[in-house]
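These notes concern the structure reproduced below.
The values are calculated or read from the model by the stated rules, or taken from the named source; none is laboratory data. Given the structure is predicted, the values throughout are model-derived calculations rather than measurements. Reconstructed Cβ throughout: ideal geometry from the backbone, glycine too, with neighbour counts over all protein chains shown. The area values use the complete protein model at the heavy-atom level, side chains included, leaving out ligands, DNA and RNA. Shrake-Rupley method; radii C 1.70, N 1.55, O 1.52, S 1.80 Å.
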Amino acid sequence: MKLSVNRVALPLALALLYSGCAALALPAHNVPRAVDLAVDHGRVSSSKEINLTVVLKLHNEADYDKAVEALYDPKSSTFHQWFKDEDFQKYAPTEEEFNSVKHELLNAGFTVVDSDPPRFTIRVHGNVGNAESAFQTEIHTFTIKNRSFDAHVSEAKLTGAAASLVDSVAGLERHQARPQLAIAQNIRTKAPLFKKPLAKVEDLGGFAASLANVPLTYPQTFNYSLTNPTVSASYTGTVYNIDPTKIVSYTPQELQTHYGLTSLLELGYDGKGQTIALVEGYGYANAEADANAAAQIFGLPKLTASTFQVIYPEGKPLNPNAADLTGWTGEIALDIQSAHAIAPGAKILVVASAGQDNEDQIASLNYIIQHKLANTVSSSWENDDEIIAGPAELNAFNAVLKKGAAAGISFQFSTGDSGDLGLGTPVGAVGVPSDSPWAVAVGGTSVLNDPVSLGDVVAGWGNNAAYIALSGALDPPFAFGFLGGAGGGQSQFFAKPSWQTGVPGKWRQVPDVSALADPYTGFPIVVNEEGTQFAEAGVGGTSLASPIFTAIWALADQVNGGPLGFASPAIARLKKGEITDVVPTSPLNADNPTGSVTDSSGTTDYTTPEIFTGLLYSQNQFPAAIWPFDATDAAILTFGTDSSLTVTTGWDNVTGYGEPNGLPFIIAVAVNAKKK
């Protein structure tokens, strides 16, 4: 049994591990680094079923890389001339090489599930015993950071002469893709702030009437007292969600306005003729009905057989309730309904895996490319961080996503909802596969308002909270910390891509772009769970940001008259005015809460930063507001306080290059697509 690392020492241990590998070339071995830090619970049962995606080595791979890079270089003669099947064949393994790998896998007891036409990958099914025999290793179960995963414990190498033909393999390490969904919660009870049966909500005046689109209101003063001992407190500042009978969430039309899309939609650029693919786990039967209930409430077109479809590349899950049991139901509802809100004329295609292992999702991505299903794809999930995923999986994801970019497809991924995962900057712990240089990593924002001058104010998403009153004044106020924030940071595996010019460091930096993610300035959905249709508001996370951006990119494809391909290089080339740079929100800071607490020892004054001392890292410019729950209970809620990740002018590790800003953004990427 391996030694466990205690929870206090773990972030430092991981940081040292990361910083050590930053100076090295890409690792020559393929065992996940977490294996050396995790608790080993022993060998996985040899009879446990397993799927593997084996990625074969290409011919002239350096030339292939240059050819794909050239597709995104405006000075290249092949700029935006997307690969066709015959272009992939130039670099593909030969049929003899493919059959050699296939033969070894069959000899090990696997059955072939699928392979792509250019023979880049082969997918097989078998059990752990087959995998251990074929790849000359053992697969064990580990835990680290309260996470469980399976991984191979020694260098995995295919048996026989075919070993030299394999680039990487996904599935030897097994861990689950997790939805990046965040729900605005009552911080005392952890219950959702707003989740009620839809029928009841409609009877009481309607779902839309329950929503507030003004998060912050003009500064007010609140007084609290406590007897035995005698304590009094007074706080003055901006107020969050002044009407406790409502919840802050933006309707589809309000999001369209915020992203500057209203005029485009009125001109008919609503996504018609475009397909938005959503990569999900399991799927659920009532997804279309839920989306249409929301569409009726918020005045959007109804989804029909021609504008909505669900595909199961692996067949339907064995348990029809799997999405409910694993948390995917709300994720799927959010993805469909938010994408439909931004591009109401586009076709929504749900690509649902039968499981939620990392390899299941690779299979779905491959399926989209192979069958040319969509030009823009959203995946609102992450597969742990790089040290758990390991080199074999990282390379497998990257190979598939590079192939998608070559075909002119833009794959968006949520960057996660837990900031830097406790490791601090510049290391962080970026998620997989948003860390791939061929993935569009979508971070998160809070969409606020200036209660004095009016108008939208955008902050990077990161919430902290502190109680100032619980059944009366608290002495002193109690800051209980981080509620959630957009993932970001620096890859320790992938080098910085050519299009990240001007971004710090030598490694891939995440994210590239951002959109609304803060659940406390969230989005409303309708979702059916266990036979009851619920109205839920305050829904967010980078699970919301990814489909929002994906839908905006579909509008850009429509305006362009064809696919713009992988979005990140185009985003990086944008100039001031063509994208909204999210900057520190200093105009709101002047009205951040201040207070005083008086007890038998005298009066102590507090500013918001003083209340959160030790919790907000280097951030000193951020908006905050008093959040009154009732007459005796209240908190202070901060925005733009994302662990150690910090919003700056220009690119930053919370919001990337910024938020798309409607017509200027779409015209710029479309015009730039014509340049050579």
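For the reader, a short list of remarks on this structure follows.
- Filter result for residue 250 (among the aromatic types (Phe, Trp, Tyr) and either under 21 Å from residue 611 (Cβ atoms) or touching a Pro at 6+ places or on another chain (Cβ under 6 Å) (or both)): no
- Residue check for residue 604: open to solvent by 20 Å² or more (accessible area, probe 1.4 Å), of a type in the set (Val, Ile, Thr) and outside any loop (DSSP other than H, G, I, E, B): yes
- For the stretch 113-140, filtered to residues that are free of Cβ contacts under 8 Å to residues at least 40 places away in the same chain and out of contact with any His (no Cβ under 8 Å at 6 or more places or on another chain), the residue that is farthest from residue 30 (Cα to Cα) is 118.
- If you check 514, 491 for being in contact with a Phe, Trp or Tyr (Cβ under 7 Å, 6 or more places away or on another chain) and of a type in the set (S, T, N, Q), only one passes: 491.
- Picking from residues in the stretch 22-32 that are part of a loop (DSSP other than H, G, I, E, B), modelled with pLDDT under 90 and in contact with a strand residue (DSSP E or B) (Cβ under 9 Å, 6 or more places away or on another chain), the one that is farthest from residue 154 (Cα to Cα) is 26.
- Looking across the stretch 340-350, the residues that are closer than 27 Å to residue 321 by Cα and either assigned to a helix (DSSP H, G or I) or out of contact with any Gly (no Cβ under 9 Å at 6 or more places or on another chain) (or both) come down to 340, 341, 348, 349.
- Restricted to the stretch 303-331, and to residues there that are in contact with a Phe, Trp or Tyr (Cβ under 6 Å, 6 or more places away or on another chain) and assigned to a helix (DSSP H, G or I), the residue that is farthest from residue 550 (Cα to Cα) is 322.
- Of the residues in the stretch 558-566, at least one is more than 18 Å from the chain's Cα centre (by Cα), in contact (Cβ under 8 Å) with a residue 24 or more places away in the chain and closer than 18 Å to residue 256 by Cβ.
- Check on residue 163, open to solvent by less than 20 Å² (accessible area, probe 1.4 Å), in contact with a Gly (Cβ under 9 Å, 6 or more places away or on another chain), among the aliphatic types (A, V, I, L, M) and closer than 20 Å to residue 31 by Cα: no
- Residue within the stretch 328-340 that is touching a residue at least 12 places away in the same chain (Cβ under 8 Å) and surrounded by fewer than 23 Cβ atoms within 10 Å (Cβ to Cβ) present: no
- Applying the criterion of being hydroxyl-bearing (Ser, Thr, Tyr) and open to solvent by 40 Å² or more (accessible area, probe 1.4 Å) to the residues of the stretch 258-272, the residue that is farthest from residue 661 (Cα to Cα) is 269.
- Residue selected from the stretch 607-642 under the condition assigned to a strand (DSSP E or B) and in contact with a helix residue (DSSP H, G or I) (Cβ under 8 Å, 6 or more places away or on another chain), by the criterion nearest to residue 227 (Cα to Cα): 636
Every residue, every condition in (1) at pLDDT below 50; (2) closer than 19 Å to residue 431 by Cβ, yes or no:
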{"residue": "4", "(1), (2)": "yes, no"}
{"residue": "20", "(1), (2)": "yes, no"}
{"residue": "34", "(1), (2)": "no, yes"}
{"residue": "40", "(1), (2)": "no, no"}
{"residue": "43", "(1), (2)": "no, no"}
{"residue": "46", "(1), (2)": "no, no"}
{"residue": "49", "(1), (2)": "no, no"}
{"residue": "57", "(1), (2)": "no, no"}
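- Scanning the stretch 546-559 for any residue that is part of a helix (DSSP H, G or I) and within 21 Å of residue 209 (Cβ to Cβ) turns up nothing.
- Single residue of 278, 300, 255 found to be of a type in the set (A, V, I, L, M), on the phi < 0 side of the Ramachandran plot, in a loop (DSSP other than H, G, I, E, B) and touching a helix residue (DSSP H, G or I) at 6+ places or on another chain (Cβ under 7 Å): 300
- Hits in the stretch 379-404 (condition: small (Gly, Ala, Ser), under 21 Å from residue 82 (Cβ atoms) and touching a Pro at 6+ places or on another chain (Cβ under 9 Å)): 379
- Some residue of the stretch 374-385 being more than 17 Å from the chain's Cα centre (by Cα), aliphatic (A, V, I, L, M), at pLDDT 95 or above and not in a strand (DSSP E or B): yes
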